[in-house]
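For reference, the structure is listed below as structure tokens.
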Amino acid sequence: MRGVWILVLLLPALAARFAAFTVEPAGDQVVDLATGVTTLPEGGRLVDAERGISLEAAYIEYKEGEFVRAKKARLVQGDLRFQAGRLEYDVESEQVVLEEGVFFSSKRLKGLRAPRGVLYLKDQVAVLTGGVRSESPAFEAEQMVADTQEGLVLLVGSFRYQDPELGITLKGQGPTAQLLLRFLQDGEVEAETEVPAEIYVRLSAYLGG
């Protein structure tokens, strides 16, 4: 048979295993046999047990071993929670692009939001750009790079940070301004205006991604 073959599978209650993903559709699945792309028009849930990722979304399309695209998505990895209007996950590179409004929360950060974000799952690094705002700790910045494993957050570009312990506000102006936040085991946050060169070089490199 020639052309594009479309197969509609009515399996709303059945979870199927596709390579690393466990798929739990909220409704029908549409499989394009020519391209190998599966669409969940009513959304559902994907679980990547190998990488410890759970994704719920109102709309999902994916290709086994290659990519996942989703709308109105919620991504969970460990204690990290991400929400975005649009998400694209490149399985091979383990990079996730978040757009159309990004919301992030963890044990260390609350109420964090930005227009765009990129997650480097293998490195446990998150990058938020386009104007970042956080409720706790309270700060604003043009760009942010978070090393979630080491408990480091680098603010790059003009920023404003409210230090709850010292009761002061730190500000930086211009594209070269930078501030490092260290999240300590006891829950305290240390702010460093002099960022160690090795940390700055390592984290700022992700801003080119």
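The values are calculated or read from the model by the stated rules, or taken from the named source; none is laboratory data. In this text the structure is predicted, and so the values were computed from the model without any measurement. FYI the Cβ positions are ideal-geometry reconstructions off the backbone, even for glycines, and counts take in every protein chain you see.
For this structure, a couple of remarks:
- Counting the residues of segment 134-159 that are over 15 Å from residue 111 (Cβ atoms) and of a type in the set (D, E, K, R) gives 3.
- Test result for residue 97, at pLDDT 95 or above and surrounded by 15 or more Cβ atoms within 10 Å (Cβ to Cβ): yes
- Residue match in segment 192-200 (condition: surrounded by fewer than 17 Cβ atoms within 10 Å (Cβ to Cβ), among the acidic types (Asp, Glu) and within 22 Å of the chain's Cα centre (by Cα)): no
- Top-ranked residue of segment 149-193 - restricted to ones that are of a type in the set (Val, Ile, Thr) and outside any strand (DSSP E or B), ranked as nearest to residue 139 (Cα to Cα): 193
- For segment 105-120, a tally of residues being modelled with pLDDT under 90 and touching a Leu at 6+ places or on another chain (Cβ under 6 Å) returns 1.
- The residues on offer are 179, 170, and the sole one that is farther than 15 Å from residue 109 by Cβ and surrounded by 15 or more Cβ atoms within 10 Å (Cβ to Cβ) is 170.
- Yes/no for residue 73 being modelled with pLDDT of 95 or more and aliphatic (A, V, I, L, M): yes
- The set of residues in segment 136-148 being assigned to a strand (DSSP E or B) and not polar (S, T, N, Q) consists of 139, 140, 141, 142, 144, 145, 146, 147.
- Among the residues listed as 153, 91, 97, the single one being in contact (Cβ under 8 Å) with a residue 60 or more places away in the chain and out of contact with any Pro (no Cβ under 8 Å at 6 or more places or on another chain): 91
- Within segment 56-74, not a single residue is more than 16 Å from residue 95 (Cβ to Cβ), hydrophobic (A, V, I, L, M, F, W, C) and exposed (fewer than 15 other Cβ atoms within 10 Å of the Cβ).
- Pair list, Cβ < 8 Å and 6+ apart or interchain, from segment 190-208 residues that are closer than 12 Å to residue 156 by Cα to residues that are small (Gly, Ala, Ser) and crowded, with 17+ Cβ neighbours inside 10 Å: 193/172
- Residues (assigned to a strand (DSSP E or B), within 21 Å of residue 82 (Cα to Cα) and not hydrophobic (A, V, I, L, M, F, W, C)) located in segment 23-43: 24, 25
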